[in-house]
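Just so it is clear, none of the values below were taken in a lab; they were calculated from the coordinates. In this text the structure is predicted, and so the values were computed from the model without any measurement. Glycine also receives a Cβ, built like all others from the backbone with ideal geometry; neighbour counts cover every protein chain displayed.
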Amino acid sequence: METSNITSHTNLLSKIDLEKQNPNHIVPIISELKTEARSLFSLAFPTILAALILYARSAISMLFLGHIGELELAGGSLAIAFANITGYSVLAGLALGMDPLCSQAFGAGKPTLLSLTLQRTVLFLLTSSLVIVALWLNLGKIMISLHQDPSIASLAQTYILFSIPDLLTNSILNPLRIYLRAQGITSPLTIATLAGTIFHIPMNFLLVSYLGMGFIGVSMAAAASNICVIVFLVAYVWAKGLHEPTWTRPSSECFKDWGPLVSLAIPSCVGVCLEWWWYEIMTVLCGLLINPQTPVAAMGILIQTTSLLYIFPSSLGFAVSTRVGNELGSNRPNTARLSAIVAVTFAGVMGMTASAFAWGVSDVWGKIFTNDFDIIKLTAAALPILGLCELGNCPQTVGCGVVRGTARPSKAANINLGAFYLVGTPVAVGLTFWAGYGFCGLWIGLFAAQISCAAMMLYVVATTDWEGEAMRARKLTCSESVDVVIMAQSNGDLTEPLVYVVTVAADDH
């Protein structure tokens, strides 16, 4: 999978028969289902491992923050929350704009487009980071205007200033991950993430404990760890020659033709942020409840829990996005449809498993994080509802991956807007503050949002015109400079791209 064989495509016009399957063969046989399941697993499993390692790294950072002092923990937590809302979520969303471009370009055998998309995205994210940095420089003033404690706001300002290098490294790391994943190269990502996390521990000891830099050291250690990941990843890929099939040297071309990328990146960003920010809104609403310390603390535990559970459907979502994009780029709509069916089926199983887990640990889960009886009781009351949320969250997350692979991010953004803000928010506010459900009302609101989101997302997937999406993929990957090669896919089949001579922008139907 990670050692793609590239053969020159010397006779393009003679290679027109792209669909190597019977177009009337709609109902897949068992062997095809097994093959597709293996393909998805080979992409999703390393991604899950990498995400779990990143989750552990975040826990290490919070552990060091907590041991420095209560005020430092509050300031660092405030800075991290602000950074997530205004920085990391934005960059992660913008980077997803390159996902369908890269996966479809790889399937279509367009190495130059794949490489150019990486270079353009890095430049785009670095440019976007400048705007984010300008906002971060004024965090202290913003927090004080929102009536936050001045001492906490001051510490948050200091922490986020030293997080700027980490923001810039994410502008490079996010596109690198997508670039490699689009080619089915996932193991190096896991290995590099593990190396960065191992490096993260001694860096925290060095900066925080030995050099006495306090909570600033935690921020600097995070940036240093990401730099380690980038260096290790690039070195590994270069040493193994994994870049050779698709890499082209940067040129003036990477400053041109940003239209398709931006048209996909902006709605991708909106979709990610709408969902991400809703959890932050829940935390803010907790502060309006009676004795807010307890519900805010319980909300923190539950959001950490949902973040852990989210790793599994999100990794499958990334995998199916890659598979769907590859197959559409290869003009194999039936295989793309099959991948979507298998992934959504797995998502349903994931949802039931996550729900059973949440119900099963509801009485003991809170005790892992705290000894406070009230927090444990509130956490136990909300965990079964959290489990119900996963019944919608897993299918909608994977469905979003399918939609992303077809280069229709505005569909996902509109669904998230409707589900979380037109359904979830009114239900949450109404039940929490008017119907007297309190803390659990917020989670019932999330349940309503997730179920409606899943229903709409799966409807979009079920009604997808796969032949039409294959045609859109061919248009999206068109280039005036013809650079088509035969590329080995993860299943060993060769793609034989059809050449077009027109250039079109990324439309979103």
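Points to keep in mind about this one:
- Relative contact order of segment 42-257, taken over Cα pairs closer than 8 Å and 6 or more residues apart, is 32 percent.
- When +1 charges are put on Lys and Arg Cβ atoms and -1 charges on Asp and Glu Cβ atoms, the dipole computed for the chain relative to its Cα centre reaches about 360 debye.
- Positive-end extreme of charge dipole, the chain - chosen from 234, 391, 412 (charges on Cβ): 234
- Stokes-Einstein translational diffusion, segment 42-257 - Kirkwood Rh over all Cα pairs, 0.890 mPa s, 25 °C, in µm²/s: 134 µm²/s
- Using alpha-carbon coordinates, inclination of helix 259-286 to the longest axis of the chain, degrees: 20 degrees
- Rounded to whole Å, the principal axis extents of the Cα atoms in segment 153-249 read 48, 24, 20, largest first.
- Kirkwood Rh, angstrom, segment 43-133 [1 / mean 1/r, Cα pairs]: 15.8 Å
- From least to most packed, judged by other beta carbons within 10 angstrom and beginning with the fewest, 410, 225 follow the order 410, 225.
- When 238, 136 are sorted by how many other C-beta atoms sit within 10 angstrom of their C-beta, beginning with the fewest, the order is 238, 136.
- Counting only alpha carbon atoms, the long axis of helix 187-204 and the longest principal axis of the chain meet at about 30°.
- Global form of segment 357-455, assessed from the alpha-carbon gyration tensor, a/c cut-off 1.5: oblate
- Relative contact order %, the chain, counting alpha carbon pairs below 8 Å whose residues are six or more apart: 25 percent
- Cα long-axis angle, helix 373-405 against the chain (0 to 90 degrees, to the nearest 10): 20 degrees
- Its convex hull of Cα atoms gives segment 267-479 a direction-averaged projected area, equal to a quarter of the hull surface, of 11.4 nm².
- Each of 158, 305 has some number of other Cβ atoms within 10 Å of its Cβ, and from fewest to most they run 158, 305.
- Rounded if a/c under 1.5, otherwise prolate or oblate - segment 211-299, Cα gyration tensor axes: oblate
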